[in-house]
Amino acid sequence: MRSLTIIITLFTSLFLSQITLANANDLAKQKGWVVIKTTYDYPTMVKHVNMAAKANKIGIVSRASATVGAAKVLKKKIPGNMVVGLYHPRFAVRMLEASIAAGIEAPIRVYITENTDGTATLSYKTPSTVFAPYMATGGEKLKALAAELDTLFAKIAKDATK
């Protein structure tokens, strides 16, 4: 049990050290990413994402926060950081009809990060980028779903950051 705790602590420390090296500019350089720097602080941005998801009738199906983990496990304060998984069964059924393999990519995630100036950035990979590796087997059905989700995620991002 002690060795598992050590491994988890080392992994978490390594992960957290990578977080402090990364910033929104790094994400913006990644192909297929949308990166929106806002004037909102981190807690407000989290609330805005919640409200935008609800307004656009998509579920929040997962949350992961290195900030919360660092505080609880390592008793360390790091800048705000949260990954929010968004999806809905109406998309899942269509995705799986097109490609079972693409199911590993659901939910589609948005990433909220706190900037050094106290503002927050909202970032996400476009759904068409996320599903690109499965297009050969998913065909036109997956391509159409990805395009629909691209539009929806752009709307969620716009609603959350306005």
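What the table below lists for this structure:
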item	result
Relative contact order computed over the stretch 62-162 (Cα-Cα under 8 Å; 6+ residues apart), in percent	22
Net charge of Cβ neighbours under 15 Å - reference Ile78; Lys, Arg +1; Asp, Glu -1	+3
Net charge over other residues, Cβ less than 14 angstrom from the Cβ of Tyr124 (K, R count +1; D, E count -1)	+3
Distance between modelled label sites at Asn56 and Lys76, nm, 7 Å Cα→Cβ extension	3.3
Whichever lysines have a C-alpha closer than 28 Å to that of Lys158, once near sequence neighbours (fewer than 8 apart) are set aside	Lys29, Lys31, Lys37, Lys47, Lys54, Lys57, Lys125, Lys141, Lys143
Residue-span extension gain [Thr39 to Ala154] - 0.36 nm each, minus C-alpha spacing	39.6 nm
Förster-model FRET efficiency, 22 Å R0, Met135 and Ala92, C-beta, rounded to 0.05	0.80
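Laboratory data are not the source of any read-out in this text; all were calculated from the coordinates shown. Computed from a predicted structure; not experimentally measured. Here the Cβ is made from the backbone with ideal geometry for all residues, glycine too, and neighbour counts use every protein chain on show.
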